[in-house]
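Working notes, structure below.
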Amino acid sequence: MRQAKVSVSRQDVEHQQEVRNLVAAAAVGDEAAWNALVDRFSPLVYAIVQGFRINPADAEDVNQTVWLRLVEHLGRLREPERVGAWIATTTRNECLRALRLARRQVPTEDEAVFERADPGEGTDRRLLLSERDAALWRLFETLPERCKQLLRIVIADPAPSYDEVASAVGLSVGSIGPTRARCLKQLRRSAELAGIDLGPSDSE
Amino acid sequence: MDHSDDKLIQELRSLAARADPTPERMLRAAKASYAWRTIDSELAELAYDSAGHDPSLAGVRGPGTTRMLSFAAVERGWTIELEVTPVADSIDILGQLIPAGHALLEVRHGGGVELVESDELGRFAVKRVQEGPVSIRCTRAGDDAPAVITDWTTL
């Protein structure tokens with residue numbers, strides 16, 4: 001089994017330098033740098049929120065809170081190159097808080113509460129997928145919660161670092177690789193049962 | 001790492017981007033957050049939240065339950081305590097500044113900004129605030145020091 005990657009590649013160093021520069025620029029008023037941070041890390045935030053199965057109204061609050069809080073923390077981050085991990089941790093904590101409060105899951109007749117919900121955007125999109133892709137995505141969604149949560153974050157685009165994934169799921173960096181491998185194995189097994197071809201596995 | 005695992009991850013990444021992309025409205029909200037940036041203020045970080053995820057803090061939750069939060073501006077030595085009560089689709093906030101005293105408070109939230117003043121005992125109240133992220137900006141009467149702002153928190 002593969003060992004967790006501890007050494008840092010040249011690519012990681014460049015990535016960290018770039019992110020550190022964006023944080024520094026955004027901290028002193030560079031809105032383009034802020035927008036670049038949002039573009040880069042929003043998919044990570046969304047993947048974490050989706051992994052926790054937060055309802056759409058709470059998901060928007062979590063998203064907004066994470067970014068608003070980051071605005072005020074930009075110049076105060078101890079490790080600006082790890083802003084992705086900061087975002088992941090903050091998003092995770094906000095999701096757990098939202099689940100604990102679960103305020104909006106109480107039935108209400110107030111229209112305003114529903115107005116903010118996503119109007120079935122996802123459902124429409126799925127009609128555009130090929131039959132095979134739609135089947136694979138349905139299969140993905142039937143994975144056990146822990147696997148689905150981890151993999152949903154791993155497959156965010158751009159790909160999060162192991163550090164960011166670990167922060168998002170509350171596991172150590174070292175356990176991400178093995179857990180990921182186990183979850184993919186499970187997906188392969190379900191795909192085989194469902195008759196979906198995922199291509200050959202090296203371990204076979 | 002299995003080469004085939006990497007290929008499968010890539011395939012799933014491409015699929016997720018099509019099946020469940022990041023909603024545009026979340027991107028827009030994230031970008032718009034930048035307009036709330038404050039310059040030269042001191043942060044009062046969330047130090048306690050009765051709705052925190054630490055199981056030892058868990059109690060009975062639900063509508064009508066009061067939530068307690070505490071924010072600490074360590075350098076300044078200020079604490080801002082909030083008591084938050086859900087009322088229908090909004091929230092009522094009772095606040096306490098420590099040390100006590102007159103202050104001007106800007107309650108910043110999704111619906112805008114509300115101005116309130118604390119009394120000489122440091123108490124303040126805001127009614128029917130929109131649910132969602134809230135941050136309070138606090139300046140003391142006759143004080144030239146930078147404002148203190150609380151961490152944005154979903155209330």
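The values are calculated or read from the model by the stated rules, or taken from the named source; none is laboratory data. What you see is a predicted model; the values in this text were computed from it and never measured. Here Cβ is always computed from backbone atoms with ideal geometry, including for glycine, and neighbour counts include all displayed protein chains.
Here are the numbers for the structure shown:
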{"quantity": "Residues satisfying the stated conditions in the range A:36-57, i.e. more than 25 Å from B:GLN130 (Cβ to Cβ) and of a type outside the set (A, V, I, L, M, F, W, C)", "calculated": "A:ASP39, A:ARG40, A:PRO43, A:GLY51"}
{"quantity": "Any hit, the range B:14-23, residues being outside any helix (DSSP H, G or I), within 17 Å of B:THR154 (Cβ to Cβ) and more than 7 Å from chain A (Cβ to nearest Cβ)", "calculated": "no"}
{"quantity": "Search result, residues across the range A:9-52 that are hydrophobic (A, V, I, L, M, F, W, C) and at pLDDT below 95", "calculated": "A:VAL13, A:PHE52"}
{"quantity": "Any hit, the range A:176-196, residues being under 14 Å from B:LEU15 (Cβ atoms), surrounded by fewer than 20 Cβ atoms within 10 Å (Cβ to Cβ) and of a type in the set (Val, Ile, Thr)", "calculated": "yes"}
{"quantity": "Which numbered condition B:ASP49 misses (of (1) more than 10 Å from chain A (Cβ to nearest Cβ); (2) at pLDDT 90 or above)", "calculated": "(1)"}
{"quantity": "Where a residue in the range B:32-45 is at the interface with chain A (Cβ under 9 Å from one of its Cβ atoms) and under 16 Å from A:ALA33 (Cβ atoms) and its partner, wherever it lies, is of a type in the set (Phe, Trp, Tyr) and surrounded by 15 or more Cβ atoms within 10 Å (Cβ to Cβ), with Cβ under 6 Å and at least six apart", "calculated": "B:SER33/A:TRP67; B:TYR34/A:TRP34"}
{"quantity": "First in the range A:150-164 and within 14 Å of A:GLN50 (Cα to Cα) and away from chain B (no Cβ under 11 Å), second anywhere and among the small types (Gly, Ala, Ser) and crowded, with 24+ Cβ neighbours inside 10 Å, Cβ under 9 Å, 6 or more apart", "calculated": "A:LEU150/A:ALA168"}
{"quantity": "Residues within the range B:113-151 that are on the phi < 0 side of the Ramachandran plot and either free of Cβ contacts under 8 Å to residues at least 24 places away in the same chain or more than 14 Å from chain A (Cβ to nearest Cβ) (or both), tallied", "calculated": "20"}
{"quantity": "Output for the range B:26-47, where each listed residue is of a type in the set (D, E, K, R) and either out of contact with any helix residue (DSSP H, G or I) (no Cβ under 8 Å at 6 or more places or on another chain) or not in a loop (DSSP other than H, G, I, E, B) (or both)", "calculated": "B:ARG28, B:LYS31, B:ASP40, B:GLU42, B:GLU45"}
{"quantity": "Filter result (buried (at least 18 other Cβ atoms within 10 Å of the Cβ) and either in a loop (DSSP other than H, G, I, E, B) or among the aliphatic types (A, V, I, L, M) (or both)) within the range A:144-164", "calculated": "A:LEU150, A:LEU151, A:ILE153, A:VAL154, A:ILE155, A:ALA156, A:PRO160, A:SER161"}
{"quantity": "When residues of the range B:72-103 are limited to those that are in a loop (DSSP other than H, G, I, E, B) and either of a type outside the set (Gly, Ala, Ser) or crowded, with 20+ Cβ neighbours inside 10 Å (or both), the one modelled with the lowest pLDDT", "calculated": "B:ASP89"}
